[in-house]
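What follows is a single structure, written as structure tokens, with notes after it.
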Amino acid sequence: MSVELNHTIVHSRDNRESAEFLAQLLGLTVGTEWGPFIPVVLANGVTLDFATVPAASITVQHYAFLVSEADFDIAFEQIEARGIAYYADPHMKHPGEINHNDGGRGVYFPDPSGHGMELITRPYGGWS
């Protein structure tokens, strides 16, 4: 049996703000609002459905995105230009740095709802 992740719901303080934040950063399109969801579709067909929930109900999650070197450059420029705090590690012990794990580049940063976002140019283990 073939199993693929189709979509996941991302709890947000403001679904539109969070969807637009990610879409603009990664050069993606914000889809049409459907019920309580604002979708952002990734290149592999997985949809992130952003839903507004009370801030106290948000459990911080981690979302890692595999991007090309060129897309990393574009997104990282925006992270710096917007003054978004970024880190080389998920524990935020190396602020203002990126990592070079597995021969690529990686960066961690928060989204508007506090979720831990990560951009990497090489998957863990270094395979392409």
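The values are calculated or read from the model by the stated rules, or taken from the named source; none is laboratory data. Please read these numbers as outputs of a predicted model, since none were measured by experiment. Cβ coordinates were reconstructed from backbone atoms using ideal geometry, including for glycine residues, and neighbour counts include every protein chain displayed. Ligands, DNA and RNA are stripped out before the accessible areas are found, and what is left, the full protein with its side chains, is counted by its heavy atoms. Shrake-Rupley method; radii C 1.70, N 1.55, O 1.52, S 1.80 Å.
Counting only residues that are touching a residue at least 40 places away in the same chain (Cβ under 8 Å) and open to solvent by 50 Å² or more (accessible area, probe 1.4 Å), which one in the range 45-61 is nearest to residue 35 (Cα to Cα)? Across the range 45-61, the extreme among qualifying residues is 52.
Checking each residue in the range 81-118 for being within 25 Å of residue 53 (Cα to Cα) and not in a loop (DSSP other than H, G, I, E, B) picks out 108, 109, 110, 116, 117, 118.
Please state which one of 88, 70 is on the phi < 0 side of the Ramachandran plot, touching a strand residue (DSSP E or B) at 6+ places or on another chain (Cβ under 8 Å), open to solvent by less than 80 Å² (accessible area, probe 1.4 Å) and modelled with pLDDT of 95 or more. It would help to see each step written out before you state the result.
Details: 70 fails: touching a strand residue (DSSP E or B) at 6+ places or on another chain (Cβ under 8 Å).
Going through 88, 70 in turn, just one is on the phi < 0 side of the Ramachandran plot, touching a strand residue (DSSP E or B) at 6+ places or on another chain (Cβ under 8 Å), open to solvent by less than 80 Å² (accessible area, probe 1.4 Å) and modelled with pLDDT of 95 or more: 88.
Being open to solvent by 50 Å² or more (accessible area, probe 1.4 Å), closer than 25 Å to residue 11 by Cα, over 12 Å from the mean Cα position of the chain (by Cα) and not hydroxyl-bearing (Ser, Thr, Tyr) is a condition met by no residue of the range 94-101. Of 75, 64, all but one fail to be touching a residue at least 12 places away in the same chain (Cβ under 8 Å), open to solvent by less than 70 Å² (accessible area, probe 1.4 Å) and either over 19 Å from residue 8 (Cβ atoms) or not small (Gly, Ala, Ser) (or both); the exception is 75.
If you go through the range 103-115 and pick out every residue that is more than 16 Å from residue 14 (Cα to Cα) and either touching a His at 6+ places or on another chain (Cβ under 9 Å) or of a type in the set (Asp, Glu) (or both), you end up with 2.
If we keep just the residues of the range 25-44 that are in contact (Cβ under 8 Å) with a residue 24 or more places away in the chain and surrounded by 14 or more Cβ atoms within 10 Å (Cβ to Cβ), which is farthest from residue 120 (Cα to Cα)? Let's see the steps before the verdict.
To start, the set of residues in the range 25-44 that are in contact (Cβ under 8 Å) with a residue 24 or more places away in the chain comprises 25-27, 37, 39.
Adding the requirement that they be surrounded by 14 or more Cβ atoms within 10 Å (Cβ to Cβ) leaves 25-26, 37, 39.
Values: 25: 14, 26: 12, 37: 26, 39: 22 Å.
Among residues in the range 25-44 that are in contact (Cβ under 8 Å) with a residue 24 or more places away in the chain and surrounded by 14 or more Cβ atoms within 10 Å (Cβ to Cβ), the one farthest from residue 120 (Cα to Cα) is 37.
Of all residues in the range 1-47, those being of a type in the set (Val, Ile, Thr) and part of a strand (DSSP E or B) number 8.
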